[in-house]
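Accompanying notes for the structure given below.
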Amino acid sequence: MRKVVVLASGNGSLLQALIDAPERGNQYEIVAVVSDKPKCFAIERARQAGITEIAISFQKSQDNQWQQHLKDTVLGFNPDLVVSAGFMRIIRSDLFEVVPTINSHPSLLPNFPGAHAVADALAAGVEKTGATVHFIDAGVDSGKILAQQSVPVYPNDSVQSLHERIKMVERIQLTQVVVKLCLQEDIWAGLH
Ligand code: GRF
């Protein structure tokens, strides 16, 4: 069984999908949830599921130390895979070179990278946007794409309604990718 560390910052509904997937406990074990926000609901979800949770409060003035602390904490669990599921920090260490690390992003990358992908898509007036799972690299939402699915934008959409429609796709897509990678003999193989 593969060991997975999940990184999350907010509500944690993507984390919940990974917790609820029937494959958990079979193909993968979530050995820890690591957050930059001690009071976020993702931490609470981990607690309720009996999963080890660790919060490393982010301090901008100590970014280098924080990045190192994040890396050391994650590696301390000896994971096979790291999943960024609504983690709102850029990983600036070389963690993603040491352990395969993936992210779910709420747009059809390479369109609309960054923290405001849903609002940016809405402002651009596109008819469809979507959800992407990709490997994390040194750029912002620029790593190799593993899966992508489009989501329609409706004329009366708000950022919230559109984001919720995207997240419905993200929850399923991310779980499928995690299961697929965990079944691969070499998780890195997906990167080449
Ligand atoms: C997702 O749309 C994810 O792609 C983005 O933040 C959202 C997380 O949602 N980075 P939740 O906290 O898992 O509900």
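The values are calculated or read from the model by the stated rules, or taken from the named source; none is laboratory data. Please read these numbers as outputs of a predicted model, since none were measured by experiment. FYI the Cβ positions are ideal-geometry reconstructions off the backbone, even for glycines, and counts take in every protein chain you see.
Counted as qualifying within region 1-117 are the strands (runs of 3 or more DSSP E) with 2 or more residues that are touching a residue at least 24 places away in the same chain (Cβ under 8 Å), namely 2-7, 28-35, 81-84, 101-105. Considering only residues in region 119-135 that are over 14 Å from V159 (Cβ atoms) and surrounded by fewer than 17 Cβ atoms within 10 Å (Cβ to Cβ), the one that is farthest from the ligand (Cβ to nearest atom) turns out to be E127.
Using the structure shown, decide if S161 is modelled with pLDDT of 95 or more and either buried (at least 17 other Cβ atoms within 10 Å of the Cβ) or hydroxyl-bearing (S, T, Y) (or both). Answer is yes for this residue. Name the single residue that is surrounded by the most Cβ atoms within 10 Å (Cβ to Cβ) among those in region 85-118 being of a type in the set (S, T, Y), at pLDDT 95 or above and within 26 Å of R2 (Cα to Cα). The qualifying residue surrounded by the most Cβ atoms within 10 Å (Cβ to Cβ) is S104. What residue, of L174, L146, L183, L162, is touching a residue at least 60 places away in the same chain (Cβ under 8 Å) and touching a strand residue (DSSP E or B) at 6+ places or on another chain (Cβ under 8 Å)? It is L174. Just one of the numbered conditions (1) within 21 Å of L14 (Cα to Cα); (2) crowded, with 18+ Cβ neighbours inside 10 Å is not true of W66: (1).
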